[in-house]
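Student: Here it is, the structure, as structure tokens.
The values are calculated or read from the model by the stated rules, or taken from the named source; none is laboratory data. What you see is a predicted model, and the numbers here were worked out from it, not measured in a lab. No Cβ is skipped: glycine too gets one built from the backbone with ideal geometry, and neighbour counts run over all protein chains shown. Please note that ligands, DNA and RNA were not included when accessible areas were found on the heavy atoms of the full protein model with its side chains. Shrake-Rupley method; radii C 1.70, N 1.55, O 1.52, S 1.80 Å.
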Amino acid sequence: MRAAARAFGTRLRDRVAASDPGLLRLAAGLRTVGAIAVTLAVLSLLGADVSHLVAGAIAAMVATFAVREKQRDRQAVTLALGLPVALASVSVAALLSSRTVAGDLFFVALIFCAVYGRRFGDRGTALGLIGFQVYFMSLFVGVGTSSLPGYYGVISVAFASSAAARFALVPQTPTGILLRLRQAFRARLAQLLDAQLDLLDAAPDDVVKAVAQVREGTARLHETAMMIQGRLDEGTPDEAVARLVQRRIADAEIAAERLGLLLLTARSAERADTLTMHLPGAPLPESGRLPVRDEALEILRRDLLALELLVRNPVAAGSGTSLSHVRNRLLGYRDEENLPEAPPAVQDVFRGVGEAARAVLGLRIALDGPQDESDDSPETARSREELDAEDAAIGGAEADEGSAEEQATGLRRPTTRAAVQVAVGSALAIVGGELLSSHRWYWAVLTCWIVFINTASTGEILVKGYRRLLGTVLGVIAGIVLAGLVGHHTWTAFAVVLLCVFAMFYTAPLSYTLMSFFVTAALGVLYTLLHTYSLSVLVLRVEETALGAACGIVAAALVLPVRTDRRTNELLTAVLERLSEVTEAAVEQLSGAPPTDLLDRARDLDQALADLRAATQPLTHPVTPLRTRRDTARYVVALLETCAYHARSLAATAELLPTHPSIAADPRLRRAGQRIRHNIGAISARVAQEPSTAQVLTGPSIAALLKPGVPGTPRYGRVTDRVLRHLQRLDEAVVGLARPLGAPVAPPQ
């Protein structure tokens with residue numbers, strides 16, 4: 001019973017860790033709710049009235065979510081600087097409360113400065129956000145000059161409560177966050193292996209669903225790997241440790257994705273295309289081998305379960321010898337003589353299991369430190385020696401110093417352009433909002449401001465405005481219900497507000513519509529507390545939201561516009577440049593060039609691709625009427641994800657060369673990679689609309705380009721066999737980009 005309870009607890013913990021990597025959303029919600037709760041408790045003890053309680057809750061929320069730096073000392077400095085900014089903002093709001101024109105002009109200027117402050121990093125963004133939101137809070141509760149001293153005290157209490165929640169109640173350190181992200185990576189890796197096992201066992205009618213689950217699991221694992229990448233510098237003691245963890249995470253991610261492809265191939269009549277794992281709705285390979293109960297597949301099922309067990313349970317002191325024996329058996333599949341009798345495609349899966357077990361072993365050593373080696377088999381000892389050699393090489397390597405990219409200036413700078421746009425949009429929202437209501441016009445300004453946050457093109461602003469309006473409409477309905485339930489019970493209403501605030505921050509990274517829903521539902525309760533609730537007020541909230549979104553869209557479309565096509569073309573060009581850099585550096589190193597830092601370049605490619613994926617959301621949104629354009633955008637992004645996977649695999653293989661005892665560089669690969677680099681350049685020139693006559697080249701396969709330099713030498717070396725498939729798939733994916741992107745293709749020679 002105790003063992004079953006422990007197993008259940010482990011799975012529950014893994015499920016929570018996988019659903020919220022690093023517990024970042026949970027911590028954000030608890031931290032904000034804690035700051036508000038402490039503020040309300042202190043103010044209630046001081047005898048504050050409802051208006052001061054509402055102002056304190058809003059100020060505490062703003063002071064908490066505005067600070068986004070990763071280092072605790074920088075968070076403290078930003079929070080300390082935010083207090084005088086908040087006091088100045090509420091002072092000006094009170095002084096201008098009776099001067100409508102001057103107040104409106106100052107509000108627009110404040111909005112411009114708040115958005116322009118983004119160019120100064122997280123601190124500039126936080127201070128601008130605090131200044132804007134506190135001014136909005138002043139309008140919401142009606143701060144006047146006579147009541148100003150009381151609100152000074154309320155804001156001071158709110159900031160102190162925010163500090164208490166951040167540094168005492170819900171503390172987070174970079175090291176602790178990285179530790180939880182690593183646990184989330186393990187949990188998501190185990191979930192992906194579970195989905196791959198379901199793919200192996202899926203009936204013919206269930207294959208599409210099983211592949212979709214593997215595809216989703218692969219994407220979630222990659223998302224966690226990127227989150228870890230963003231936290232390595234702050235969460236590790238030195239650069240060598242950061243590079244080691246980065247390498248082991250990349251190894252595990254690549255091995256898991258490759259295992260999924262091998263499994264799909266093993267149950268099919270043809271080799272699975274990598275694109276299948278990245279493009280929803282992609283045609284699956286024709287089913288040939290159905291899941292039958294022969295001996296080889298039974299062993300494979302057992303070993304996939306064993307691999308998942310290794311991921312979930314570390315092989316550490318006190319864990320017994322059973323896991324060590326399982327690990328030894330799986331690592332044995334790296335030797336050909338240990339492979340069971342099975343068709344070649346199924347044997348490939350066993351090889352993939354062996355490589356995945358090696359990646360898991362490396363991950364354990366990197367994350368958990370040295371382990372007991374007394375039960376090691378010869379295959380496990382060899383894997384440890386390889387990993388130790390790689391660790392030593394990683395520890396002695398130095399990262400390349402990247403050159404700073406040229407920064408745009410003037411109105412071409414994104415922060416300046418966005419500041420001008422939001423200032424114009426806010427001015428329109430003020431005029432239109434006051435026509436709707438002389439007392440609630442600021443809701444239109446708030447919406448106009450929010451739709452510009454974290455957006456860079458007209459299409460992104462349009463989608464965000466639509467989502468906010470939808471969430472607001474649904475939130476109004478919920479607000480009506482909640483206001484009727486809580487009535488005028490002050491503390492019950494505040495408890496409901498706290499629940500809505502927690503839900504708002506917990507769901508914010510998942511769905512902007514849900515976040516807007518909870519915000520509007522909480523506002524309905526706050527209006528009740530302020531004795532200003534009515535159905536007409538909530539309807540006005542919808543009208544002001546629609547007006548603010550429309551003003552933001554108009555400003556984005558007419559003032560220094562950045563068209564979605566232009567934005568996506570710029571990001572697409574950046575992805576192609578990063579792809580070319582990774583491919584060229586990996587092929588050069590595989591051909592015998594000196595080692596360079598390849599994984600950092602591969603992660604730069606992943607980040608550029610993530611930016612492109614976010615920018616194409618307006619094109620791929622389900623409600624878009626341009627169906628052909630939507631399908632093209634999805635296809636291009638899926639092809640680029642396929643390219644990134646193979647480039648990442650080439651980079652990981654190339655980094656093995658200095659330390660791996662059984663593989664060596666092959667100079668012939670340099671010629672094999674020339675066509676890929678040429679084709680990427682031709683497509684990039686077409687996307688960037690540069691004057692170029694370069695055409696995409698097709699012809700013999702990559703393998704056919706490798707001709708022995710000396711008669712009698714083997715056609716392919718060990719490393720050549722390892723990378724040829726990745727080069728070939730990368731070449732095919734790059735050529736596949738030519739048609740949807742309109743690049744000219746030369747006739748085969």
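Student: Return yes or no: is VAL211 in contact with a strand residue (DSSP E or B) (Cβ under 8 Å, 6 or more places away or on another chain) and touching a residue at least 24 places away in the same chain (Cβ under 8 Å)? Give the steps one after another, and end with the answer.
Tutor: Numbers: in contact with a strand residue (DSSP E or B) (Cβ under 8 Å, 6 or more places away or on another chain): no; touching a residue at least 24 places away in the same chain (Cβ under 8 Å): yes.
No; evaluated as a whole, the condition is false for this residue.
Student: Specify the residue that is nearest to ARG186 (Cα to Cα); the eligible residues are those in region 220-241 that are free of Cβ contacts under 8 Å to residues at least 40 places away in the same chain and under 19 Å from the mean Cα position of the chain (by Cα). Step through it out loud before you land on a result.
Tutor: The initial filter retains those residues of region 220-241 that are free of Cβ contacts under 8 Å to residues at least 40 places away in the same chain, namely 221, 230, 233, 237-238, 241.
Next, from what is left, pick out any that are under 19 Å from the mean Cα position of the chain (by Cα): 221, 230, 233.
Details: LEU221: 9, GLY230: 17, ASP233: 20 Å.
Per the criteria, the residue is LEU221.
Student: Which count do you get for residues in region 29-45 that are more than 18 Å from LEU499 (Cβ to Cβ) and in contact (Cβ under 8 Å) with a residue 60 or more places away in the chain? Talk me through it step by step, then tell me what you get.
Tutor: Here is the first cut: in region 29-45, the residues more than 18 Å from LEU499 (Cβ to Cβ) are 42-45.
After this cut, where a residue has to be in contact (Cβ under 8 Å) with a residue 60 or more places away in the chain as well, the list is 42-43.
Qualifying residue count for the region: 2.
Student: Restricting the search to region 500-512, which residues are within 17 Å of ASN454 (Cα to Cα) and surrounded by fewer than 20 Cβ atoms within 10 Å (Cβ to Cβ)? Steps first, answer last, please.
Tutor: Initial filter on region 500-512 (within 17 Å of ASN454 (Cα to Cα)): 505, 507-512.
Correct list: THR507, ALA508, PRO509, LEU510, SER511.
Student: Need a quick list: helices (runs of 4 or more DSSP H) entirely within region 16-101 having at least 3 residues that are out of contact with any Lys or Arg (no Cβ under 6 Å at 6 or more places or on another chain), under 24 Å from LEU514 (Cα atoms) and aliphatic (A, V, I, L, M).
Tutor: Working: elements: 24-45, 50-65, 72-95.
Correct list: 24-45, 50-65.
Student: In region 536-575, what residues are closer than 30 Å to ARG648 by Cα and either in contact with an Asp or Glu (Cβ under 6 Å, 6 or more places away or on another chain) or among the polar types (S, T, N, Q) (or both)?
Tutor: Hits for region 536-575 are THR564, THR568, ASN569, LEU571, THR573.
Student: Turning to a different aspect of this structure: Just checking, does region 433-443 include any residue being surrounded by fewer than 22 Cβ atoms within 10 Å (Cβ to Cβ), at pLDDT 85 or above and under 32 Å from the mean Cα position of the chain (by Cα)?
Tutor: Checking region 433-443: not a single residue is surrounded by fewer than 22 Cβ atoms within 10 Å (Cβ to Cβ), at pLDDT 85 or above and under 32 Å from the mean Cα position of the chain (by Cα).
Student: From the list ALA80, ALA60, ALA55, ALA76, which residue is open to solvent by 10 Å² or more (accessible area, probe 1.4 Å), touching a residue at least 40 places away in the same chain (Cβ under 8 Å) and more than 23 Å from ALA423 (Cα to Cα)? It would help to see each step written out before you state the result.
Tutor: Details: ALA80 fails: touching a residue at least 40 places away in the same chain (Cβ under 8 Å); ALA60 fails: open to solvent by 10 Å² or more (accessible area, probe 1.4 Å); ALA55 fails: open to solvent by 10 Å² or more (accessible area, probe 1.4 Å).
Only one candidate passes the filter, namely ALA76.
Student: (1) modelled with pLDDT under 95; (2) farther than 19 Å from GLN75 by Cβ: which one isn't true of GLY153, the others all being true?
Tutor: (1)
Student: I'd like the full set of residues that are open to solvent by less than 50 Å² (accessible area, probe 1.4 Å), in contact with a Ser or Thr (Cβ under 7 Å, 6 or more places away or on another chain) and at pLDDT 85 or above, limited to region 616-645.
Tutor: Selection gives THR616, ALA633, VAL637, THR642, TYR645.
Student: Same structure again: Quick one: what pairs do we get from region 353-373, first residue modelled with pLDDT under 85 and of a type in the set (Asp, Glu), second in a loop (DSSP other than H, G, I, E, B) and open to solvent by less than 20 Å² (accessible area, probe 1.4 Å), C-beta under 8 Å, 6+ apart or different chains?
Tutor: Close Cβ pairs satisfying both conditions: ASP372/VAL315.
Student: Let me ask something else. Just checking, does region 602-622 include any residue being more than 24 Å from ARG215 (Cα to Cα) and β-branched (Val, Ile, Thr)?
Tutor: Pass one, region 602-622, residues more than 24 Å from ARG215 (Cα to Cα): none.
No.
Student: Are any residues in region 110-126 open to solvent by 50 Å² or more (accessible area, probe 1.4 Å) and in contact (Cβ under 8 Å) with a residue 12 or more places away in the chain, and if so, which ones? First the steps, then the outcome.
Tutor: Just the residues of region 110-126 that are open to solvent by 50 Å² or more (accessible area, probe 1.4 Å), to begin with: 112-113, 116, 118-120, 122-123, 125.
Those that are open to solvent by 50 Å² or more (accessible area, probe 1.4 Å) and in contact (Cβ under 8 Å) with a residue 12 or more places away in the chain: PHE112, CYS113, TYR116, ARG118, ARG119, ASP122, ARG123, THR125.
Student: Condition test on GLN71, is it closer than 25 Å to ILE177 by Cα, open to solvent by 10 Å² or more (accessible area, probe 1.4 Å) and touching a residue at least 24 places away in the same chain (Cβ under 8 Å)?
Tutor: Numbers: closer than 25 Å to ILE177 by Cα: yes; open to solvent by 10 Å² or more (accessible area, probe 1.4 Å): yes; touching a residue at least 24 places away in the same chain (Cβ under 8 Å): yes.
So GLN71 passes the test.
Student: Please verify whether region 359-382 includes one or more residues that are of a type in the set (Lys, Arg) and out of contact with any Pro (no Cβ under 9 Å at 6 or more places or on another chain). Break it down stepwise before answering.
Tutor: Of all residues in region 359-382, those of a type in the set (Lys, Arg) come to 364, 382.
Now drop any that are not out of contact with any Pro (no Cβ under 9 Å at 6 or more places or on another chain), which leaves none.
No, the conditions are met nowhere in region 359-382.
Student: Here's something else I'd like to know. Which one is nearest to ALA282 (Cα to Cα) among residues in region 207-223 that are crowded, with 19+ Cβ neighbours inside 10 Å and β-branched (Val, Ile, Thr)?
Tutor: VAL211
Student: Keeping to region 389-420, report how many residues are at pLDDT below 80 and in a helix (DSSP H, G or I).
Tutor: 11
Student: Additional query: Take ALA423 and tell me if it is out of contact with any strand residue (DSSP E or B) (no Cβ under 6 Å at 6 or more places or on another chain) and either in a loop (DSSP other than H, G, I, E, B) or open to solvent by 10 Å² or more (accessible area, probe 1.4 Å) (or both).
Tutor: Working: out of contact with any strand residue (DSSP E or B) (no Cβ under 6 Å at 6 or more places or on another chain): yes; either in a loop (DSSP other than H, G, I, E, B) or open to solvent by 10 Å² or more (accessible area, probe 1.4 Å) (or both): yes.
When the stated conditions are applied, ALA423 passes them.
Student: Within region 129-159, how many residues are free of Cβ contacts under 8 Å to residues at least 40 places away in the same chain and touching a helix residue (DSSP H, G or I) at 6+ places or on another chain (Cβ under 8 Å)?
Tutor: Total meeting the criteria: 0.
Student: Hand me the list of helices (runs of 4 or more DSSP H) wholly inside region 519-615 holding 2 or more residues that are open to solvent by less than 10 Å² (accessible area, probe 1.4 Å), more than 24 Å from ALA427 (Cβ to Cβ) and not aromatic (Phe, Trp, Tyr). Before the answer, list the steps.
Tutor: Details: elements: 535-558, 564-590, 598-615.
Of the helices (runs of 4 or more DSSP H) lying wholly inside region 519-615, those with at least 2 residues that are open to solvent by less than 10 Å² (accessible area, probe 1.4 Å), more than 24 Å from ALA427 (Cβ to Cβ) and not aromatic (Phe, Trp, Tyr) span 564-590, 598-615.
Student: Give me the residue from region 711-749 that is of a type in the set (Val, Ile, Thr) and open to solvent by 50 Å² or more (accessible area, probe 1.4 Å) and, out of that set, modelled with the highest pLDDT.
Tutor: Step one: list which residues in region 711-749 are of a type in the set (Val, Ile, Thr), which gives 713, 719-720, 723, 734-735, 745.
Within this subset, residues satisfying the condition of being open to solvent by 50 Å² or more (accessible area, probe 1.4 Å) are 713, 745.
Details: THR713: 43, VAL745: 90.
Once the filter is applied, the top-ranked residue is VAL745.
Student: Hey, another quick one. Counting only residues that are open to solvent by less than 20 Å² (accessible area, probe 1.4 Å) and small (Gly, Ala, Ser), how many does region 92-108 have? Step through it out loud before you land on a result.
Tutor: Initially, region 92-108 is screened for residues open to solvent by less than 20 Å² (accessible area, probe 1.4 Å), giving 93-94, 103, 107.
Remaining after also requiring small (Gly, Ala, Ser): 93-94, 103.
Final tally of qualifying residues: 3.
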